Amino acid sequence: DSIHHGGSRGALIVLEGLDRSGKTSQCSRLVSHLEGKGISVEAWRFPDRKTDIGTMISSYLANISQLDDQAVHLLFSANRWEKRLSMETKLRSGTTIVVDRYSYSGVAFSAAKGLDIEWCKAPETGLIAPDLVIYLDLPPEEAAKRGGYGTERYEQLEFQRNVAQQYQKLRDSTWKVVDAQLPVEDLEMQLRKFALECIATCQKKTISPL
Ligand code: DGP
Ligand code: NA
Ligand code: NA
């Protein structure tokens, strides 16, 4: 079921974790490091709030608009779908993409509201499968201590506990689970190692769908 036509390609590297697990800063550190090595790489994030769908998501997260749980789930998914083709084009052209959140956030955050987990996974089917998933593991209590949460909808301890449980269900043996309580530099070194290994080996693998 391959959608790859040969040649060297970039890797799709996904960072996942609870809010305040340090993903965003680790993503930019990793991208800077890879750039410094002369690797063609881009930093992406989901939700991508710059699109029309992303604007709807953003106002939902800010509690400016209210939406049905199922409707917003599908908006988050559509926000990944609207970027799928450009993602594939980038990867094929040899550019590695480091993405801050992906389908696993989609499933974990919606399932944490009580939506059926299989229903949550369904609209993600067919998106590009990551070559590497790195999970920044942080107890929700520790995340809450990190200067407190912001004001966005999901940034509450009880909800984040539930999200952590959903992530546990999604994890498989291919995920690299890293201790987000390590000093940032140590974390950074681990991420570099995993990313470089992935970039070197993914050349032999096809780009395939989730
Ligand atoms: P961020 O911009 O990474 O802080 O993400 C915004 C919030 O939205 C954060 O609490 C995680 C949540 N989120 C990210 N992706 C999804 C998704 O696909 N579905 C749902 N329900 N929530 C998501
Ligand atoms: Na957030
Ligand atoms: Na973030």
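Values in this text are rule-based calculations from the coordinates and carry no lab data. Every value quoted in this text rests on a predicted model; they were computed, and no experiment measured them. Note that we place each Cβ from the backbone using ideal geometry, even for glycine, and neighbour counts take in every protein chain shown.
The phi-based Karplus calculation (6.51 cos²θ - 1.76 cosθ + 1.60; θ = phi - 60°) puts the 3J(HN,Hα) values of the range 72-77 at 5, 4, 6, 5, 4, 5 Hz, whole numbers, x for Gly and Pro.
Taking amide hydrogens as placed 1.01 Å from N in the peptide plane, the amide H of Leu132 sits under 5 Å from those of Leu12, Val14, each at least 5 positions away in sequence or on another chain. With the cut-off at under 19 Å, measuring from each backbone N in the range 23-41 to a point 7 Å along the Cα-to-Cβ line of Val184 picks out 23-36. For a paramagnetic label modelled at 7 Å from the Cα of Thr95 toward its Cβ, which residues of the range 19-50 fall within the zone defined by backbone nitrogen distances under 19 Å? What the label zone holds, given the 19 Å backbone N cut-off, is 27-50. Over all orientations, the range 104-163 has a Cα convex hull whose mean projected area works out to 4.9 square nanometres. Once backbone amide H atoms are built at 1.01 Å from N, Thr96 has Ala11, Ser40, Val41, Glu42 as its partners under 5 Å, excluding neighbours fewer than 5 places away on the same chain. Of all beta bridges that DSSP places with both ends in the chain, some 5 percent have antiparallel geometry. Each residue of the range 55-71 is assigned a 3J(HN,Hα), and the resulting list reads 5, 5, 4, 4, 6, 5, 5, 7, 6, 7, 10, 10, 9, 4, 4, 5, 4 Hz, derived from the Karplus form 6.51 cos²θ - 1.76 cosθ + 1.60 (θ = phi - 60°), x at Gly and Pro. Quick check on the chain: take the gyration tensor over C-alpha atoms, sort the square-rooted eigenvalues as a ≥ b ≥ c, and tell me if it's rounded (a/c under 1.5), prolate or oblate. Taking the square roots of the gyration eigenvalues as a ≥ b ≥ c, the chain is oblate.
In sequence order, the range 33-45 has phi-based couplings of 4, 5, 4, x, 8, x, 7, 6, 8, 10, 9, 10, 8 Hz under the Karplus curve 6.51 cos²θ - 1.76 cosθ + 1.60, θ = phi - 60°, and Gly or Pro positions carry x.
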